[in-house]
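To start, the structure under review is shown below, and the notes come after it.
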Amino acid sequence: MNRLDGKVCVVTGAASGIGLRIAEVYAQAGGRVVIADLRQDAAEAAAASIRDAGGEAMAVAMDVTDERQVIDGVAKAVAAWGKVDVLVANAGIQIVNRITDFSYADWKKLLAIHLDGSFLTTRECLRDMEKRREGGAIIYMGSVHSHLASKLKAPYVTAKHGLLGLARTVAKEGAEYGVRANVICPGFVRTPLVEKQIPEQAREFGISEDEVVKNIMLKDTVDGEFTTVDDVANVALMLAAFETNALTGQSITVSHGWFMQ
Ligand code: NAD
């Protein structure tokens, strides 16, 4: 259990934060990791550091909202390693604002990265998985915001809820090919994405940064603790390595009890 020997794993947004840790943990478990990220230099650096640590990794420059780049990026992985076994659709951003102040451009940008990106990467990887009929795992990076709402996060909450629908549909269409689809729903993890939000929310709500962390971000956890990249990566490993369709179409929340399913 929990080995990925020889499995080709495409992880989007893997140059930073949660995606980077998933890529490292997959490589330690024997996976061949494709670091797919908008930021080519950072993706190359992440792949090089995994190789330095003895793992197998390649970088692919990919804006997940660009159909051509997704098609070419997945094709590059298949050309190098012959297949895709695991996709982690993880690339994401956050933009916080009141609905009445949200620009249409920001709304569309956020939905495109989270939803269009997940669709495009799913389509390309699933095409390969269905063709080979050797099964596969597709994992979406949802959020506690796949289940709950928070002020200032309308497009993010909308997108993260949407990923549940995509995963459930992929679970049904992929089943006959042994492809499982699940969503991981983390609570707050201290990555660049969250570090940026702390001062933004302090400004919006007129409170201190400490209060944002204590009274907003971690308020409803059972112990006032942040979730870590390791917590999320370990769940991502379990989902990638799980061998049967028994575990599909689910969301697994990793949030120190913030949301309990
Ligand atoms: P991060 O900012 O550390 O990393 C995000 C990565 O995505 C970056 O490397 C960035 O270059 C890449 N990216 C952004 N737009 C892209 C695009 N169009 N195409 C390809 N790559 C792109 O963020 P993170 O906190 O590690 O977040 C990763 C995922 O986890 C996101 O989907 C996020 O919504 C989700 N998430 C994060 C938290 C948290 O608290 N950090 C909680 C729940 C869910």
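Placing a label point 7 Å from the Cα of Glu225 along the Cα-to-Cβ direction, the residues of region 163-200 with a backbone N closer than 19 Å are 185-191.
With the highest mean first, a sort of the peptides 39-48, 222-231, 54-63, 143-152 on other beta-carbon atoms found within 10 angstrom per residue produces 54-63, 143-152, 39-48, 222-231. Placing +1 on the Cβ of every Lys and Arg and -1 on the Cβ of every Asp and Glu, with nothing else charged, gives region 35-85 a dipole about its Cα centre of roughly 140 debye. Which residues does a label at Glu200 reach in region 128-154, if reach means a backbone N under 19 Å from a point 7 Å past the Cα toward the Cβ? Those under the cut-off are 141-154. When both region 1-78 and region 172-206 are represented by their alpha-carbon centers, they are found 18 Å apart. Angle of helix 229-241 to the longest C-alpha principal axis of the chain, folded into 0 to 90 degrees and rounded to 10: 30°.
Taking a threshold of 24 Å on the Cα-Cα distance, which of the pairs Lys108/Lys214; Lys151/Lys219; Lys109/Lys172 fall above it?
Violating the 24 Å limit, Cα to Cα: Lys108/Lys214; Lys109/Lys172.
Note that region 170-175 has calculated 3J(HN,Hα) couplings of 5, 4, 6, 6, x, 4 Hz, one per residue in order, obtained from phi through the Karplus relation 6.51 cos²θ - 1.76 cosθ + 1.60 (θ = phi - 60°); glycine and proline are x.
Under the convention that each Lys and Arg Cβ holds +1 and each Asp and Glu Cβ holds -1, the size of the dipole of the chain around its Cα centre is about 580 debye. The calculated 222 nm mean residue ellipticity attributable to helices in the chain amounts to -14000 deg cm²/dmol, summing -39500 (n - 2.57) over DSSP H runs of n ≥ 4 and dividing by all residues.
Principal-axis analysis of the Cα atoms of the chain puts helix 67-81 at an angle of about 50° to the longest axis.
The alpha carbon gyration tensor of the chain gives principal lengths a ≥ b ≥ c with a/c of 1.5 or higher and a/b greater than b/c, which makes the shape prolate. Across region 77-129, Cα pairs under 8 Å and at least six residues apart give a relative contact order of 50 percent.
Only the coordinates and a few stated rules stand behind these numbers; no lab work does. These numbers come from a predicted model, not from an experiment. Cβ coordinates were reconstructed from backbone atoms using ideal geometry, including for glycine residues, and neighbour counts include every protein chain displayed.
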